[in-house]
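The values are calculated or read from the model by the stated rules, or taken from the named source; none is laboratory data. All values derive from a computational prediction rather than experimental measurement. Note that we place each Cβ from the backbone using ideal geometry, even for glycine, and neighbour counts take in every protein chain shown. For accessibility, only protein heavy atoms count, side chains too; no ligands or nucleic acids. Shrake-Rupley method; radii C 1.70, N 1.55, O 1.52, S 1.80 Å.
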Amino acid sequence: MEQKVEISFKIDGKEVKVPEGATILEAARQHGIHIPTLCHHPDLSPYGGCRLCVVEVDGGPKLAASCVTPVRNGMEVATNNERILEARRTILEFLFAERNHYCMFCAQSGDCELQNLAYEFQMDHLTVPVLGQEFPVDTSHEDIVIDHNRCVLCGRCVRACRELAGNAVLDFQNRGGRTMIGVDLSQNLGESSCVSCGLCIQVCPTGAIFNRHRTHYAVKGKVKDWQMVESFCPECGLLCPSIYYVKANNLIKIDGRLPSDMPDRGQLCRKGRFEPLKTSKPRLTRPLERDGDGGWRELTWEEAFARVIKGLADVREAYGGQALMGLISSGCSSEELGAFRYLMVKGWQAGYLDTLDGGHFRTLIAATEGVGSNFKEAPWGAITEADLVLQIGADTSKSHPIIGALIRRAILENKAKTAVMGTENTLGEWAGEFLEVSQEDLPSLLQALLIEAGRRSKGKPSKDFYRRWASKAFTGLVNLFNQADNPIVIVGQDLTGRPDPSGLQLAFDLADLKGRLPGGVWRLVVLKPAGNSAGAWNLGLAARQGLNGHKPVKGGLLCLAAEDDLEPGLKERLSGLEFLAVLTPYFTDELRAAKILIPKPIWLETGGTYALADGSGSRFVKRILEPPQGIRPVEQILAAIGPRD
Ligand code: FES
């Protein structure tokens, strides 16, 4: 094992040793010596901008910023004498005087690093004049507000945006006293290329960048009342490590867990950080039955269970178990999926069982059958190591924003090339090449790419090939592919959502053109439609046929996870059933096909296991909140609606 070289030096008169390369700040922290900081963040690159961490080195006339000054052998450092404290206090006063830091009017008050420093330095008044300059407040973004008046120009947001999110939307603009955080060269955040990951909020040490969904939860020194739950976000199957802050059963904020050695580097996406804080549909809290006039009437839980059992039993008696179906959202936990399967298959002997993303699975299963049984998908970490990322028929910005961040990081850190094939260029200016192509035409374009890239030497471009595809972008795409040594192909719902697997099979062929990754892993990432799609697939919940093709079904049970949207064809099929009961957290008009609605908790209100979408394992997602009063756990509901014979 390589021996680390150690450096000896003196800090506050104490002889200490630290590994070579450590900064004075790191060395001080290793030895329990406190040095205040503001622009420094342990998960971001050193910056040395605020100078609050100044120390005296070898008694020299100039104070040094400890966060960027490396330790050297024999160095003598003082961290805490009158001269140093005076310098830090002056710096802090200027920071307060420069902009609006009247803490009593700030929602961040009580949870603010700048305010904490004022207490630490017992700064009871300012000895320098307040500048009183006015800066804009940018409220143009759906989730994030930037109040430039409260900014201390520490640059943490700028570094987090570039280094963790790989986006580089934020940067400094203007000079001197008018310096501000700029967005895409003077745009409003709402019109910018911001991907709404919210990392800027998480790392901002003041109230300059904040979450607009929680502005009314003023902190005011109450941080200690918060419960902090470390868990994982189950929104898209990446299961990003997250921290949930809760007060009196209110979700206050959600942060990514930093530091992180995961490929996502501790960030969260818009879905993980903001979506759980806002619900647009009313919660269902009592069981309901549809009455003859198309309205709903309340039932007791026991009445609702009895109605469901009778409805399912009537269908089974009249037509047999083949006529019963169970349909469940893959946003449910593996425990819920397993209990649902047990109830419908073992209990009700239902002839049809599927998930709401069954169509995607049918296509994926058919495509993997074409390539043999040993299909192993690439882990997400492979994206950042690729030299070419090819995004086909996928909208990573909507469905899997963290994958989008990994692509941008591959570009920034690995100089990777990128190409997008799809209806929209969802990578924007990050895409090296963009080929606009409809879902219908994707297979033909993939076929053309395979021919040109030399795989299908026997194939000849179809007659209208050159008219349709021969373009500068297509030639660019072929060149990018031919030059790549380590490409990754990311496919999304425009391929998995096609009933015909041929397009997806062509993507498999393309991904295999440059050989596999170590361990026989395919150079392919398949984006899954829901948070626990891989768990549902592991449990064998995908039917071989869509519900529309399964004619005998006359009734059944539908279990939703959240605000799931039902496809129009499915909605129509469900409304033709003789009996349908729906377990749902939300009351929505989409559910008019149901005879009985039974409320269920959302994932925040029930713990459970979720499978990682790349097949690399699973995580347990903890319960964060109590469900609204009266809502029963899913297992209890499912146990109560089994057949009575
Ligand atoms: Fe060292 Fe800001 S913390 S310069």
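The mean accessible area for residues of the chain, using a 1.4 Å probe and ignoring ligands and nucleic acids, is 44 Å² per residue. Volume per residue of the convex hull around the Cα atoms, evaluated for segment 515-607, comes out as 150 Å³. Solvent-accessible area of residue 45, probe 1.4 Å, all protein chains present, reported in Å² to the nearest ten, please. Result for residue 45: roughly 40 Å² accessible. To put it simply, the accessible area of the chain at a 1.4 Å probe is 50 percent carbon and sulfur. Sparsely packed loop sites in segment 490-599 (the trypsin sites (Lys or Arg not before Pro) outside DSSP H, G, I, E and B with at most 15 other Cβ atoms within 10 Å) comprise 516, 544.
Highest first, please rank the peptides 358-366, 472-480 by the mean number of other Cβ atoms sitting within 10 Å of their residues.
Details: 358-366: 21.0, 472-480: 17.1.
The peptides rank, most packed first, as 358-366, 472-480.
Derived value for segment 347-419: Kirkwood hydrodynamic radius 14.9 Å. Basis is the mean of 1/r over every pair of different alpha-carbon atoms. Distance between the modelled labels on residue 123 and residue 365, one decimal in nanometres: 6.3 nm (7 Å Cα→Cβ projection). Counting only Cα atoms, the size of the chain along its three principal axes is 92, 68, 52 Å, in decreasing order.
Got a sec? What order do 444, 186, 533 fall in by accessible area at 1.4 Å, biggest, i.e. largest, first? Intermediate results must be reported in sequence, preceding the final value.
Details: 444 45, 186 90, 533 0 Å².
Ranked from most to least accessible, the order is 186, 444, 533.
Distance between the pseudo-spin-label points of residue 83 and residue 483 (7 Å out from Cα toward the beta carbon): 5.6 nm. Maximal additional length on extending the residue 545-residue 438 stretch stands at 36.0 nm, based on 0.36 nm per residue less the C-alpha distance. Here the contact order of the chain, divided by its residue count and restricted to Cα pairs under 8 Å and six or more residues apart, works out to 13 percent. Does anything in segment 156-191 have its amide N under 20 Å from the 7 Å Cα→Cβ label point of residue 139, and if so which residues? Of the residues in segment 156-191, 181, 183, 187-191 have backbone N under 20 Å from the label point off residue 139.
Judged by the mean number of other Cβ atoms found within 10 Å, the most tightly packed of the peptides 250-258, 233-241 leads the ranking 233-241, 250-258.
With all protein chains in place and ligands, DNA and RNA left out, the 1.4 Å accessible area ranks 262, 75 as 262, 75, largest first.
Dividing the summed -39500 (n - 2.57) terms of all DSSP H runs of n ≥ 4 by the residue count of the chain sets its mean residue ellipticity at 222 nm at -7500 deg cm²/dmol.
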